[in-house]
Amino acid sequence: QVRLVESGGGLVQPGGSLRLSCAASGRIFRINRMGWYRQAPGKQRELVATSDSTINYADSVKGRFSVSRDNAKNMVYLQMNSLKPEDTAVYYCNAGIQTSYYRSSADYWGEGTLVTVSS
């Protein structure tokens, strides 16, 4: 079955940078949308960035974060610069994946990677 695995989270200082990676594996016919969401303690999960035919960013990360894809490797990345304490959250990889020619795309989620921005 399809599996998404995030990596690259950790502890960084304010103003620092971090690069997250997400690898999709398993029964994959086609990956349409790939992106990132995050959930801070006590808050709802929110969109960070997504990539399909276009790239979209949350207003709070525009100019600081950059999402990119390596379609040949079924991977998506999130380059995070100028990190702020309010960026602290569990970051989840999300993908819309078609598992066969005869099936429509479905959403898949990784289990998340923790990013902590603190001095």
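The values are calculated or read from the model by the stated rules, or taken from the named source; none is laboratory data. This one's a predicted model, so the numbers in the text were calculated from it and none came from an experiment. Glycine also receives a Cβ, built like all others from the backbone with ideal geometry; neighbour counts cover every protein chain displayed. Remember, those area values only see protein heavy atoms, side chains included, never the ligands or the DNA or RNA. Shrake-Rupley method; radii C 1.70, N 1.55, O 1.52, S 1.80 Å.
See the values below:
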| item | result |
| --- | --- |
| Formal net charge of residues neighbouring R69 (Cβ-Cβ distance under 15 Å; K, R +1; D, E -1) | +1 |
| Counting DSSP beta bridges with both ends in the chain, the antiparallel % (nearest 5) | 95 |
| Net charge of Cβ neighbours under 13 Å - reference G96; Lys, Arg +1; Asp, Glu -1 | +2 |
| Mean separation of Cα contacts under 8 Å (6+ apart) over length of the chain, as relative contact order % | 37 |
| Cβ-placed point charges (K, R +1; D, E -1), dipole of the range 7-119 about Cα centre in debye, nearest 20 | 220 |
| Among L11, L83, L20, residue whose mean-square fluctuation peaks in a GNM of the chain (springs only between Cα atoms under 10 Å) | L11 |
| Probe 1.4 Å, all protein chains present, accessible-area order of V5, V90, V117, largest first | V5, V90, V117 |
| Sites Q98 and K43, calculated FRET efficiency, Cβ-Cβ separation with R0 41 Å, nearest 0.05 | 0.85 |
| Surface accessible to a 1.4 Å probe, per residue, for the residues of the chain, Å² | 56 |
| Square roots of 5 times each gyration tensor eigenvalue, C-alpha, the range 7-60, largest first, Å | 23, 15, 12 |
| Binned Cα-Cα distance frequencies in the chain - 5 Å width, integer % | 2, 12, 23, 24, 18, 10, 6, 3, 1, 0, 0 |
| Estimated FRET transfer efficiency when R0 is 25 angstrom, pair R3-S119 (beta carbons, to 0.05) | 0.10 |
